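Just below is one structure, and these are the notes that go with it.
Taken together, the values in this text are just the output of simple stated rules run on the coordinates, not laboratory data. Everything quoted here is computed from the prediction, not taken from an experiment. Every residue, glycine as well, gets a Cβ built from its backbone with ideal geometry; the counts of neighbours run over all protein chains shown.
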């Protein structure tokens with residue numbers, strides 16, 4: 001009988017589980033309010049930077065309305081020829097009251113369902129649109145003289161105009177952002193989008209609106225604490241230059257390994273400044289000795305391993321984003337002796353596993 005390979009495969013499985021690669025976390029930093037104001041008509045207009053359905057940051061214009069409208073407090077329908085004859089009125093004249101709004105002006109005046117409205121302020125009523133237009137032209141507490149037919153009796157009532165309940169509404173409009181034709185990735189690790197005119201001048205005045213759409217894990221911008229959705233307020237203490245000029249400035253300083261200071265806004269009024277070095281962060285180094293040693297110096301992580309598949313000893317240190325902070329955090333995963341000893345150390349806790357089955361957290 002051939003010897004089974006199951007024990008060896010089990011060892012590999014346990015070791016792989018212990019030294020599993022780091023997972024990426026999507027950080028929800030919340031909406032960044034760029035501007036908020038209330039118009040003369042009571043509408044609230046807000047510009048926010050938020051995360052779009054595709055994951056990139058985007059600028060939205062949100063209009064919220066909470067208005068009431070003047071009303072008489074009746075629901076009516078037009079009378080056709082047969083219905084008019086039944087009530088003894090001229091064909092195609094008058095509006096039949098189907099219902100009356102509780103606590104409305106019509107209810108106060110004693111109008112009930114089944115009445116026929118003949119005229120409003122001496123204007124003969126024929127079409128429903130006439131009553132709707134009349135109510136819309138009035139203000140709450142104004143008085144309207146209504147002539148109506150109840151049975152065979154013609155009656156006149158004075159109806160007070162009231163306000164309808166508030167009907168809130170919300171309209172969102174995504175503002176297309178512009179992207180620089182000059183890449184800024186190799187030196188900063190960010191994707192920058194610009195706010196187009198006329199919104200740019202309206203929201204930022206003499207400066208320029210620049211939104212950080214994406215930040216590459218492990219890049220200089222990431223290490224400096226910049227995140228997706230941040231709004232750039234100033235560069236080196238001055239106004240933000242146009243997007244294309246900013247891209248060229250990043251490239252020039254990156255070639256010289258220079259620094260930049262960015263003032264950014266995040267979330268609800270959180271503003272901070274960060275200074276970071278610019279360089280070609282994509283450069284890395286690898287050392288590989290088959291079955292003995294493997295060293296990777298990458299952008300988002302550093303890793304080394306001793307022995308085949310790292311079964312003798314291995315370590316991986318990577319940048320992680322478990323919380324919506326602007327601080328760059330790291331995670332280290334270490335294993336040794338075929339996975340008999342494992343340590344997973346994160347930003348806030350550490351997990352230790354011994355002999356594959358004994359585990360405790362600190």
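Would you please classify the overall shape of segment 225-279 from the alpha carbon gyration tensor, given that a ≥ b ≥ c denote the square roots of the eigenvalues, rounded means a/c under 1.5, and beyond that prolate means a/b larger than b/c while oblate covers the rest? Please list the in-between numbers first.
On the way: a/c = 2.12, a/b = 1.65, b/c = 1.28.
Prolate is the answer for segment 225-279, as a/c is 1.5 or above and a/b outweighs b/c.
What ranking, highest mean first, results for peptides 122-134, 100-112 when packing means the other Cβ atoms within 10 Å averaged over each residue? If you can, show how the numbers build up before the last one.
Values: 122-134: 13.7, 100-112: 17.5.
Order by mean packing, descending: 100-112, 122-134.
Could you tell me which of rounded, prolate or oblate describes segment 140-267, using a ≥ b ≥ c as the square roots of the eigenvalues of the alpha-carbon gyration tensor, with rounded for a/c under 1.5 and, failing that, prolate when a/b is larger than b/c and oblate otherwise? Don't jump to the answer; show the numbers that get you there.
Values: a/c = 4.80, a/b = 4.14, b/c = 1.16.
Prolate.
Among DSSP beta bridges whose residues both lie in segment 31-73, state the antiparallel percentage, nearest 5. Don't skip to the answer; put the middle values down first.
Working: 14 of 14 bridges.
DSSP beta bridges in segment 31-73 are roughly 100 percent antiparallel.
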Treating each Cα of segment 73-155 as an identical point scatterer and ignoring solvent, apply the Debye formula and state log10 I(q)/I(0) at q = 0.10, 0.19 Å⁻¹. -0.21, -0.79
